[in-house]
Number of protein chains: 2
Amino acid sequence: MFFQGTAGGPERLHALLPTAELFDCSEPSRWADLLRETRPEILVTSWSTPALPIDTSGVALVCHVGGTVRNLIPRPLIERGLLVTNWGDSVSEGLAEAALFHALSALRRGQYFGDLMHREKGWSEFPSGTKTLFEKRVGIHGFGAAARNLVRLLAPFRVEISAYSAGVPAGLFQEAGVRQCQSLADLFASSEVLFELEGLTPATRGVVNREILERLPPDAVFVNVARGALIDEAAAAELATAGRIRLALDVFACEPLSIDSPLRSLAAATLTPHLGSPTDDRLAHCGDLALANLQRFRAGQPLDSVVSLEIYDRST
Amino acid sequence: MFFQGTAGGPERLHALLPTAELFDCSEPSRWADLLRETRPEILVTSWSTPALPIDTSGVALVCHVGGTVRNLIPRPLIERGLLVTNWGDSVSEGLAEAALFHALSALRRGQYFGDLMHREKGWSEFPSGTKTLFEKRVGIHGFGAAARNLVRLLAPFRVEISAYSAGVPAGLFQEAGVRQCQSLADLFASSEVLFELEGLTPATRGVVNREILERLPPDAVFVNVARGALIDEAAAAELATAGRIRLALDVFACEPLSIDSPLRSLAAATLTPHLGSPTDDRLAHCGDLALANLQRFRAGQPLDSVVSLEIYDRST
């Protein structure tokens, strides 16, 4: 048995798996050799773990303390029966919450007014340009776990929700009570608040281009807590600078965001440094989930948060 | 018939009530005389309307395009049967939304990170101190319409909600599925996120004093979108400066907030200039509600958003 230390909590892991070994991720070149030499049954992995070689064999479980495994595990390994778990749904709840926070901030011009109060030492007798989320027409691009969790958070706001994600079966939208749009262009054209929650894949990279962004109604809110490379960031910045749309961005095409990005000068934009999820207070929960899965695996019980081929294909 | 112009939309009012007269609020000294001379049946009032004299007679309906009427209408007038309506529940929904926005911002350090991105041109590789609202212990001080709307907005977050408001019958808490605390001190001691939504009355002014604030658990979030004079603002600022609690304030004891208030220097605090509710986009809705009530009144139909004595007594 064998595990990675970056996930934290090596002590608790050792208590559960006394024969476990720790791999130092700062030496990725040794990775393939080590896998061949030690032939681990279980891998506990995290963000900095190098990708598994496609000829990896003997591993029964990859317990990934993170979200997407696309850059870690070649698809054929899962096809051949490799069991993979990740940190599952609790993290996508946090991401949905981040999306809601960003939307509310953009609607109320939270960062603008915060700056006015803190930096400008100002006040506004009649704060203008504030909006509520209640009864707005909402669009969601993407329909994975975070999007479905967002639908639940939005329920009390009596919003009309439409969504679009290529290849998602119609039944999933119906189940969530969401109108399925037939195209990305239609989705953007009908959304006063647009949430970007699509997975980043070769097919979705840059799909939210200038033409799509220009479909948004005047003064629409565009929230991105998914991946920056989904959108034409320069076009988004231009539209926001011209006052055509409101931006609320947690993710950027290139992170850290460059110092001279025009986004930084947009007083009305809500910007945060990729803090979507998990929040600090949930990291321990992610570790607990991984430990519980390891215990279940050893007890021969069904695991939580298994990454199926369907989930794999839809993830970022 | 007679009405005030400050509510906006005088043209639409005139269409509905062709004999209406407009009173110029910049001459409050003429108010009492005018009421005596014109003996209006209906008054349409708003924020700047001077208080009604206690001997006002002949008025059947005050249609107030605003929230509380405590500073406008002496209680005995309602006791004697004066019908009063206000802008009702849609505004308290917006206030609940403002409270939620403030809580999410404080939990995620939204204004701190926004400032980092905008003003400091910085980034944070591992944004620290972020928290989710999911599964937190939440307290609400006050249990009027905004508080009950907030309970609905919080439902998807699986929070445990406790509340306290002196004089509110136990049944109201039970109906909302909320645990009723027996004292303000208990409420604060058990709340990781505390929402201040109490009405400001002589009995509640300053009731959230230093001792009560010190009951909050370490790193608790304190949100105030109600009235600044409910709390000991200096004590709150001191606790936040010491890193004991997180502050999210939309209202202040003295507004505009003074330029040298220590609150303005709290990088971690979420501050906004009393933009709770209604948001800009809902002002028209408030006007529509008032017009609909005027139409119902003339048709002899029951009115929306009637201010009962119970509502009057509980309002700010």
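A few points about this structure:
- Being away from chain A (no Cβ under 14 Å), in a loop (DSSP other than H, G, I, E, B) and open to solvent by 20 Å² or more (accessible area, probe 1.4 Å) holds for only one residue in B:VAL69, B:VAL59, and it is B:VAL59.
- Residue within the range A:194-201 that is in a loop (DSSP other than H, G, I, E, B) and open to solvent by 50 Å² or more (accessible area, probe 1.4 Å) present: no
- Residue match in the range A:94-103 (condition: free of Cβ contacts under 8 Å to residues at least 40 places away in the same chain and closer than 30 Å to B:GLY114 by Cβ): yes
- Taking the listed residues B:LEU133, B:LEU100, B:LEU95, B:LEU153, the one that is assigned to a loop (DSSP other than H, G, I, E, B), within 11 Å of chain A (Cβ to nearest Cβ) and under 20 Å from B:ASN224 (Cα atoms) is B:LEU133, with no other qualifying.
- Candidate set from the range B:74-92 (those that are aliphatic (A, V, I, L, M) and touching a residue at least 40 places away in the same chain (Cβ under 8 Å)); member that is nearest to the other protein chains (Cβ to nearest Cβ): B:VAL91
- Hey, B:VAL307 in contact with a strand residue (DSSP E or B) (Cβ under 6 Å, 6 or more places away or on another chain) and within 14 Å of another protein chain (Cβ to nearest Cβ) or not: no
- Any hit, the range B:151-158, residues being touching an Asp or Glu at 6+ places or on another chain (Cβ under 8 Å), open to solvent by 10 Å² or more (accessible area, probe 1.4 Å) and not assigned by TED's automatic domain parsing to the domain that holds B:GLY67: yes
- Any hit, the range B:113-129, residues being crowded, with 22+ Cβ neighbours inside 10 Å and under 27 Å from B:LEU303 (Cα atoms): no
- Residue, nearest to B:ASP280 (Cα to Cα), within the range B:8-25, restricted to residues that are assigned to a loop (DSSP other than H, G, I, E, B) and modelled with pLDDT under 75: B:GLY8
- Some residue of the range B:104-112 being within 10 Å of another protein chain (Cβ to nearest Cβ), open to solvent by 40 Å² or more (accessible area, probe 1.4 Å) and farther than 22 Å from B:GLY300 by Cα: yes
- Matching residues, the range B:114-129, being touching a helix residue (DSSP H, G or I) at 6+ places or on another chain (Cβ under 8 Å) and not in a helix (DSSP H, G or I): B:ARG119, B:LYS121, B:GLY122, B:TRP123, B:SER124, B:PRO127, B:SER128, B:GLY129
- Which numbered condition B:GLN111 fails, given (1) of a type in the set (S, T, N, Q); (2) under 24 Å from A:THR272 (Cβ atoms); (3) assigned to a loop (DSSP other than H, G, I, E, B): (3)
- Residues of the range A:26-40 classified as in a loop (DSSP other than H, G, I, E, B) and out of contact with any strand residue (DSSP E or B) (no Cβ under 7 Å at 6 or more places or on another chain), total: 3
- Hey, A:PRO217 closer than 16 Å to A:HIS141 by Cβ, within 14 Å of chain B (Cβ to nearest Cβ) and part of a loop (DSSP other than H, G, I, E, B) or not: yes
- Members of the range A:226-261 that are closer than 26 Å to B:PHE126 by Cβ, open to solvent by 50 Å² or more (accessible area, probe 1.4 Å) and part of a helix (DSSP H, G or I): none
- Among (1) in the same structural domain as A:GLY300 (by TED's automatic domain parsing); (2) out of contact with any helix residue (DSSP H, G or I) (no Cβ under 9 Å at 6 or more places or on another chain) - the single one A:ALA106 does not satisfy: (1)
- Number of the condition not met by B:PHE222 [criteria: (1) in a loop (DSSP other than H, G, I, E, B); (2) more than 12 Å from chain A (Cβ to nearest Cβ); (3) crowded, with 23+ Cβ neighbours inside 10 Å]: (1)
- A:ARG148 open to solvent by 20 Å² or more (accessible area, probe 1.4 Å), touching a Pro at 6+ places or on another chain (Cβ under 6 Å) and not in a loop (DSSP other than H, G, I, E, B): no
- Count of residues meeting criterion [part of a loop (DSSP other than H, G, I, E, B), within 7 Å of chain A (Cβ to nearest Cβ) and under 18 Å from B:LEU197 (Cβ atoms)] in the range B:264-285: 3
The values are calculated or read from the model by the stated rules, or taken from the named source; none is laboratory data. Model, not experiment: these values are computed from the prediction. With ideal geometry, Cβ positions are generated from the backbone for all residues, glycine too; neighbour counts draw on all protein chains shown. Accessible surface areas use protein heavy atoms only, side chains included; no ligands, DNA or RNA. Shrake-Rupley method; radii C 1.70, N 1.55, O 1.52, S 1.80 Å.
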